[in-house]
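Here's the structure we're looking at; comments come further down.
Just so you know, all these numbers are worked out from the coordinates, no wet-lab data involved. These numbers were taken from a predicted model, which means no experiment stands behind them. Cβ atoms come from the backbone with ideal geometry, glycine included; neighbour counts cover every protein chain shown.
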């Protein structure tokens, strides 16, 4: 009989990348359900398209790079990237938007940098930025929450809209948006709450006047608050499962909340408060799902605190003073760029090497 | 204690001592909680086996130099008789674990991950188990520390926790110490050797601790035990009761809290400096098994002949602990425990976290072994395909040394030795926590070991290159000097000859007119010719010698030498031989033994024939 | 006029910065080993001459003067890479004309065949062979660089180059190289 030779340790935790990604996907489900409930079929259609594109792109890349595609496909990382991008873009955006975005994420951001674990930037967010810059119109026409419209666009109309960019009755997304702002009825597409505030503020209105809009009858924008709460729930699940550490979400939310509170103190009529910042836009998605992407985040716990606080700061600055209503993607990419230097300066002190005095 | 001064201000140090005395526990970063699986083997008492028929005793079972062998093949030895004498520095002897006959002294696979052969004594037991004379010491307090340390060294005691560092050497280090820590943590899953030892021999361990205390002069002792061994804790607490200076500290179960450095951090909040020793922070650490071995060596007069081994894993029908004689083949032990083999099995010496798989079972138990783990097929998940690192940082979160394992991994893959040094690879204790949690199943520790071995190899090569360079330079200088000296000698000789010639010519000139100027000079012509010929000969010889000198100074010329160059160099070598002052002179003519000459000639002829044949075949 | 002013300004600036640079070069000069020393310290010092130069130092000088860096078989690819790093040149594969990379070997004299001719002693570049005329010679294995130079001159061919025995201490964790023994253990089910 022969023996099996291996290097120690001879036992493992058995928590593979694939398993971690599965948990992330499970944790995304509440948020996705909430989005589906508030924004209609488009959300699920985008997800379907995104996942299909991701698998096709990933297989092509792996084939071209002469890697065994099966084992790599099974690690589920492409799936997570696709899902994160799909839930970030407007639910009724034309089909080619998400296809281009996911393909860019997988091919350029991930594989051209060397595949899993080698990318400098968060693939989903890099894809999002490319879409935002290339297709500003399609990317800013969000769907009105169901609480305002009373009912969803039907599945058929959603598909029609995504395929041909107008409904079976001949309305385009933009036309429906006009209708919405004109009459407040039958609106399918409208600005996101953050976009709404930005527009109002730029037109000289005060924050309190802007918040009078029916969109803000809740805590931080109809629909959006619940979506954010759902993502928060999923995030707490990830924390409980120890898939992510508390450092990134806590630092991101804390820095954003702190800045928002400061802003409210200084200019209560110009700068939105904590509630809007934390529970509108993609804040919770960013804090628990996007900024926690291990590949592009800082590596040490201290580094992660700095990294996430930096994201919070950039989000706040762009939302308040920049050219875009929401800024998750830009903030994450800018912080990604800072990761090497954060890592350099937050290296933990090795045991037995000089450090600060012990207490 | 010098490092303590760096780490602590005076008040901090006082407060630190108060905290330790008060029983405070600190934390070490990282750590993991693998499944313990200790219940497999800790239920039954330590078994004592009959002496195995065959023992394999490596010369070297500790960190340091191997000793020189004292016995010969065929010798009959008694139990406890030393088989090797320790070498000049930091060596330890090995003893015959039972009485019997030395069958063989030679190379045998080692109890090492590589199983590379090492010098081993093979002993066939005679079954009598007959002791040599023991020298128990009734009152150790009557002996000085150095005498006791010498006795401990003689008994061959090395750290039984696994590192096998000579205990005497550890004890001999001077320096002011404030705590002796006895390590009974045994944090590695499966292993229960120290657990059972503490349960059954607590009194002996405590007596050993008292001896260690006496030797090192340390007043206070901390005995650390993980909280998953309640029976051992109770036994030790009972044995310690009534002794002020001994305190049992219960530490939370977390791997690797039994690592020397981690335990020090846990119990005292101090950190052993990199490249330093525990004594640098005023501490001395010994394993419970070592304390018990010290007790047996001093009080009972028994050298280190056996140790507790955990035989565990689901492939064994009777797992448990045994007193195994050092040198018992793993094979024998596994048979005793009812091993059920299966194809492609794993047999691990040590625990699942830091042990190593054995390529063969015909390797002996040595002083540093503590466990043989024979897992069933699906008991321990074998490593699967290594996937790409996703930089999740889980490894950094669990690293007890606060290293950045993933950074080390990238650097190790790049063979970036400078980077590895900068990221303190040397401080990695290879505990395996990083590889345990890695979601991509990267065998991180393996990368570090290879990198460490590479760096060590490079260091050795560098040292060797330095020495070679020095020797080369020295040789060049010597050749140059010899050449200079030879030239001077030749010049002197030439001058002497010239002078002699001039004198002779002068004499001839004196005699020539007397012989008659009117003669045609014909008679003097042959004489002139003779002189010219002699000068020409001398010149030729000198030229040849110079050539030879150049040839030796320039030995590399020979390496690339084509056949013709070869003959030239052998010519010049002959020329060298001809020169009277050369050491290599063989002077065939002066050799009286004709038959030897003939033999050499024959050997040369043989070699030439061989060379010719080789060249022909090329 | 303005052009003249410009030229003058540039000239003054050039002069000022030139002086500054010159001053810095003298004042903040970093003492560094001469390049030959640095190259020499990377070479394996076997002094084997396989590069075509009589020793490592001459080869180091030759590299400093522009010779190829891929002529050192004992150093192998790792030395070539280090040299490439140091010299800022492209790392090339080892030049076959000078030999191939081989495992570490040391010379061993079969002592009962040695006739005591001292030829190998003269050939050894690091004086690692011990012996005297008509006395048996032996190699000091620790000092032997494995250069091979003593093998050729031996008239009776009694020198072998043998692979260095590697102990567990210097094992390089090559798990693939472990011979896994087949044990004839009866398989109980």
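Annotations
- Mean separation of Cα contacts under 8 Å, 6 or more apart, over the residue count of region C:35-98: relative contact order %: 31 percent
- Sorting A:128-140, A:51-63, C:13-25 by their mean Cβ neighbour count within 10 Å, with the most densely packed peptide first, gives A:51-63, A:128-140, C:13-25.
- Packing-based order for A:320-327, B:158-165, B:351-358, using average beta carbon neighbours within 10 Å, highest first: B:351-358, B:158-165, A:320-327
- Separation of alpha-carbon centers, region B:311-369 and region B:24-89, rounded to whole Å: 13 Å
- Three-way shape label, region C:35-98, alpha-carbon gyration tensor, a/c 1.5: rounded
- Between helix A:173-183 and chain A: long-axis angle, C-alpha atoms, 0 to 90°, nearest 10: 50 degrees
- Neighbouring Cβ atoms from other chains, within 10 Å of the Cβ of residues in B:266-273, number 2 on average.
- Mean ellipticity per residue at 222 nm, deg cm²/dmol - from DSSP H runs of n ≥ 4 across chain C, formula -39500 (n - 2.57): -10000 deg cm²/dmol
- On full extension, the segment bounded by residue C:91 and residue C:132 gains 10.3 nm, given 0.36 nm per residue less the C-alpha separation.
- From the alpha carbon centroid of region A:20-98 to that of region A:308-340 is 23 Å.
- Spin-label model, residue B:384/residue B:75: points 7 Å from Cα along the beta carbon direction are separated by 5.5 nm.
- Peptide C:41-51 is shielded by partner chain Cβ atoms: per residue, an average of 5 of them sit within 10 Å of its Cβ.
- Based on alpha carbons, the Rg and Dmax found for chain A are 21.6, 84 Å.
- Residues residue B:277 and residue B:104, FRET efficiency given R0 of 35 Å [Cβ-Cβ distance, rounded to 0.05]: 0.35
- Taken along its three principal axes, the alpha carbon spread of region B:383-489 comes to 78, 26, 18 Å, from the longest extent down to the shortest.
- When only alpha carbons are used to place a centre, region C:25-49 and region B:234-272 end up 52 Å from one another.
- Zero-based 20 Å bins, Cα pair distances in the protein assembly as shown, whole percents: 9, 26, 29, 22, 10, 3, 1, 0
- Taking each residue as 0.36 nm, the span from residue A:258 to residue A:160 lengthens on full extension beyond its C-alpha to C-alpha distance by 30.9 nm.
- 11 Å reach of a label modelled at residue B:476, 7 Å along Cα-to-Cβ, counting backbone N of region C:54-84: C:54-61
- Put simply, the convex hull of the Cα atoms in chain C casts, on average, a shadow of 23.2 nm².
- Here the peptides B:450-456, B:250-256 are ranked by packing, the mean other Cβ count within 10 Å, and the order with the highest first is B:250-256, B:450-456.
- Shape category assigned to region A:1-91 from the gyration tensor of Cα positions, a/c cut at 1.5: oblate
- Debye log10 I(q)/I(0) at q = 0.11, 0.18 Å⁻¹ for region B:65-216, Cα point scatterers: -0.56, -1.34
- With the convex hull constructed from alpha-carbon coordinates only, region C:86-154 shows a mean projected area of 6.3 nm² over all directions.
- FRET efficiency for residue B:539 and residue C:101, using Cβ-Cβ distance with R0 set to 45 Å, rounded to 0.05: 0.45
- Helical mean residue ellipticity (222 nm; -39500 (n - 2.57) per DSSP H run of 4+; nearest 500) of chain A: -18500 deg cm²/dmol
- Region B:409-449: C-alpha gyration tensor shape, a/c 1.5 cut-off, then a/b vs b/c: oblate
- Cβ neighbours within 10 Å from other chains - mean over B:423-430: 3
- On the basis of the beta-carbon distance and an R0 of 56 Å, residue B:414 and residue B:492 show a calculated FRET efficiency of 0.35.
- Spacing of the two label points (7 Å from each Cα toward its C-beta) at residue B:238 and residue A:137, in nm: 8.8 nm
- Distance in nm between pseudo-label sites at residue C:174 and residue B:485 (7 Å out along the Cβ direction from Cα): 4.5 nm
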